[in-house]
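The values are calculated or read from the model by the stated rules, or taken from the named source; none is laboratory data. Given the structure is predicted, the values throughout are model-derived calculations rather than measurements. No Cβ is skipped: glycine too gets one built from the backbone with ideal geometry, and neighbour counts run over all protein chains shown. To get the accessible areas, we keep the full protein, side chains included, count just its heavy atoms, and leave off ligands, DNA and RNA. Shrake-Rupley method; radii C 1.70, N 1.55, O 1.52, S 1.80 Å.
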Amino acid sequence: MNKAIFWDLQGTLGGEAVASIEFFEAFPFSREALKLARDNGFLNIVITNQSKIGKGLLPMELYKREEARILSYFNFEETLIEQILCCPHQSSDNCRCKKPKTGFIEYSLEKYGLAIEECFVIGDMGKSDIVMAHNAGCKGVLVLTGGGRGSLGEFRDTWAGYEAHMIAENALEAVKAIIEES
């Protein structure tokens with residue numbers, strides 16, 4: 001496998017776009033979306049911004065417990081998510097991993113031997129997910145769950161000058177569209 005889907009977590013695979021991770025519950029179609037991607041040769045790698053950690057509002061210990069719970073839910077029968085990569089920083093930390101920066105994509109390209117032109121980003125936030133895809137040189141798919149509708153509407157100015165490669169109703173429809181295009 002030399003291709004991957006870089007998934008946003010909250011608002012894309014489940015939960016609310018900006019809620020605390022301890023309230024994350026997967027959407028009913030998310031496991032099927034991940035399985036379909038994996039069965040079609042994609043590694044599933046989650047990239048999540050968790051600035052509440054850096055702000056002192058979410059203890060790292062609690063985040064790690066929630067991450068383990070989420071991985072256990074998705075991977076209980078088979079590995080659907082290869083890895084969750086978490087940026088705990090605030091914008092003022094000027095790290096390389098906070099979306100829309102591409103540090104985690106670059107790390108994954110090297111670790112897994114991925115071809116960037118074969119990779120996609122699926123997320124609900126234009127300003128972080130679609131801009132990150134553009135910055136990394138891969139295709140970005142905006143889903144309309146979570147903050148997706150707002151990204152296309154009232155928050156479209158936060159990613160003006162960028163376009164999603166495609167727009168999908170949800171994560172499962174996004175994977176189906178990617179496979180159909182391939």
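What is the sum of charges, Lys and Arg at +1 and Asp and Glu at -1, for the other residues whose Cβ falls under 11 Å from the Cβ of K35?
Surrounding charge for K35 is -2.
With point charges of +1 on the Cβ of Lys and Arg and -1 on the Cβ of Asp and Glu, referenced to the Cα centre of the range 1-159, which listed residue (Q10, C86, W159) lies farthest in the positive direction of the dipole?
W159
Counting only other residues whose beta carbon sits under 11 Å from that of I81, what net charge do I get with K and R as +1, D and E as -1?
That works out to 0.
Label points 7 Å out from Cα along the Cβ direction at E77 and K176: separation in nm?
1.9 nm
For the chain, which cysteines have no second Cys with its Cβ under 4.7 Å from theirs?
Those would be C86, C95, since no other cysteine Cβ in the chain comes under 4.7 Å of theirs.
Return the single residue from E78, E67, E169 with maximal mean-square fluctuation; model: Gaussian network over the chain, springs between Cα atoms under 10 Å.
The residue that fluctuates most here is E78.
Which residue fluctuates most in the GNM of the chain (Cα springs below 10 Å): L57, L71, L114?
Comparing L57, L71, L114 in the GNM, the peak value goes to L57.
Using alpha-carbon pairs under 8 Å, 6+ residues apart, how would you state the relative contact order of the range 82-182 in percent? It would help to have the intermediate numbers written out before the result.
Numbers: 141 pairs, mean separation 20.9, N = 101.
Answer for the range 82-182 is 21 percent.
Where both residues lie in the chain, what percent of DSSP beta bridges are antiparallel, nearest 5?
About 5 percent, rounded to the nearest 5.
Over the chain, what is the mean sequence separation of C-alpha contacts under 8 Å (at least six apart), divided by residue count, expressed as relative contact order in percent?
25 percent
Quick one: length gained pulling E22 to E118 fully straight, 0.36 nm per residue minus the C-alpha distance?
Additional length available on full extension: 31.3 nm.
Between rounded, prolate and oblate, where does the range 1-121 land on the alpha carbon gyration tensor, with a ≥ b ≥ c its root eigenvalues, rounded for a/c under 1.5, else prolate if a/b exceeds b/c?
oblate
Give me the distance in nm between label points sitting 7 Å out from Cα along the Cα-to-Cβ direction at E32 and N135, one decimal.
Placing both labels 7 Å beyond Cα along the Cβ direction yields 3.4 nm.
Given a Förster radius of 30 Å and the C-beta distance between F155 and R65 as r, what FRET efficiency does 1/(1 + (r/R0)^6) yield to the nearest 0.05?
0.45
Out of the total accessible area of the range 80-182 (probe 1.4 Å, heavy atoms of protein only), what percent is carbon and sulfur?
Solvent-exposed carbon and sulfur of the range 80-182 make up 48 percent of the total.
Under the rule of -39500 (n - 2.57) per DSSP H run of 4 or more residues, summed and divided by the residues of the chain, what mean residue ellipticity at 222 nm is obtained, to the nearest 500 deg cm²/dmol?
Using -39500 (n - 2.57) per qualifying helix, the result is -9500 deg cm²/dmol.
How large is the Kirkwood hydrodynamic radius of the range 73-182, in angstrom, based on all distinct alpha carbon pairs?
That comes to 14.8 Å for the range 73-182.
Where the centroid of each part is defined by its Cα atoms, how far is the range 117-182 from the range 1-72 in Å?
With the range 117-182 and the range 1-72 each reduced to a Cα centre, they are spaced 16 Å.
How would you order 43-49, 19-25 from highest to lowest mean count of nearby Cβ atoms within 10 Å? Walk me through the numbers on the way to the answer.
Numbers: 43-49: 24.0, 19-25: 15.0.
Highest-to-lowest ranking by the protection proxy: 43-49, 19-25.
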